[in-house]
1. Straight-line reach only, C-alpha to C-alpha below 20 angstrom: list the aspartates and glutamates that LYS54 could link to, leaving out same-chain residues fewer than 8 apart.
2. Which aspartates and glutamates, on any chain, are close to LYS234 with Cα under 20 Å apart, when same-chain ones fewer than 8 places away are left out?
3. List the GluC sites (Glu not before Pro) within the range 176-245 that fall in a DSSP loop (any state other than H, G, I, E or B) and whose Cβ has at most 16 other Cβ atoms within 10 Å.
4. Can you give the percent of C-alpha pairs in the chain whose distance is more than 27 Å?
5. Say the dipole of the range 12-249 comes from +1 at the beta carbon of Lys and Arg and -1 at that of Asp and Glu; which of ILE137, ILE34, VAL156 then lies farthest toward its positive end?
6. Quote the FRET efficiency, to the nearest 0.05, computed for ARG15 versus TRP222 with a Förster distance R0 of 22 Å and r equal to the Cβ-Cβ distance.
7. Provide the three semi-axes, in whole Å and in decreasing order, of the ellipsoid equivalent to the range 171-245 as defined by the square roots of 5 times the Cα gyration tensor eigenvalues.
8. For LYS23, go through the lysines and keep the ones whose alpha-carbon is under 26 Å away, minus same-chain ones fewer than eight residues off.
Amino acid sequence: MTPATHLNSRPPLYRCLKKHRFKLNAFGARFSLIPNDPVLDAAQFGWTAPIAEKWGEIRDEAKAIYAHAEAIPPLRRISPDHRRIATDDGWRSFFLIGYGNEVPDNVARAPRTMELVQRIPQLNSAFFSILAPGAHIARHRGVSKSFFTAHLGLCVPSDHENCRMEVDANTLHWRAGEWTVFDDTYEHEVWNNTAEARIILLCQVGRPLRAPGSWMARFFDWYMRRSPFVTDAKHELDDWEQLYREAEKLSQLPERTSESPSIQR
């Protein structure tokens with residue numbers, strides 16, 4: 001199914017919101033209680049530093065999960081809406097929370113990470129985002145001004161200059177143990193032109209807004225949690241959970257070794 005055909009199969013309200021999202025985002029920006037800049041200062045959010053102090057614990061859980069990299073779902077497989085920007089399986093996502101919905105089996109595999117991200121006010125989604133060597137995410141915009149995005153560097157290629165993200169006119173590079181915070185409604189694009197995988201903790205966080213922008217954000221959040229965008233992904237994740245369980249069982253068999261692209265501590 002092509003992206004255009006897929007979109008046409010969505011409910012009318014979903015198509016309407018997507019069609020007019022840029023106007024809605026411009027309206028919502030007028031009521032933001034934080035800057036509307038493409039890149040935000042992580043220090044302005046009180047939760048960033050305490051979590052960054054524990055980044056090594058989060059990294060260790062992510063590395064244990066990455067041991068079964070092939071059983072971690074590519075985002076385009078669980079979210080058809082992402083197929084335009086992720087054209088191959090190089091971008092994989094291990095969800096703990098997606099639009100407020102916890103994934104219990106995954107949470108059990110990363111309990112310390114889950115404990116830490118629950119300290120983030122208005123947390124909407126949290127997952128380990130993995131870019132394989134050579135992966136590219138095409139230029140795109142996020143859906144809603146209701147959220148901003150925060151990346152915590154976990155396993156970052158040593159050649160960090162060739163692993164980058166462009167947000168509007170800004171070029172960003174991840175650093176292990178540091179947050180990168182940005183507004184994903186600006187155009188952004190990602191490259192990993194290295195021989196190593198990049199792993200981050202990606203958190204989508206509710207933007208502080210005053211009324212009536214906050215009313216619009218609450219409606220959007222309520223609708224998205226019930227929309228095909230989320231419900232379809234939940235069904236797909238159930239199938240991938242079975243695959244991940246099988247990978248875990250196989251890894252426990254005697255004399256079995258598993259190989260994944262190299263990552264840095």
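1. LYS54 reaches ASP41, GLU115, GLU178.
2. Output for LYS234: GLU70, ASP81, ASP89, GLU102, ASP105, ASP221, GLU246.
3. Those that pass, being in a loop and sparsely packed, are GLU178, GLU187.
4. 36 percent
5. ILE34
6. 0.80
7. Semi-axes from the Cα gyration tensor: 27, 24, 11 Å.
8. Correct list for LYS23: LYS145.
Readers should treat all values here as calculations from the given coordinates under stated rules, not as data from a laboratory. Here the structure is a predicted model, which is why all the values come from computation and not from measurement. No Cβ is skipped: glycine too gets one built from the backbone with ideal geometry, and neighbour counts run over all protein chains shown.
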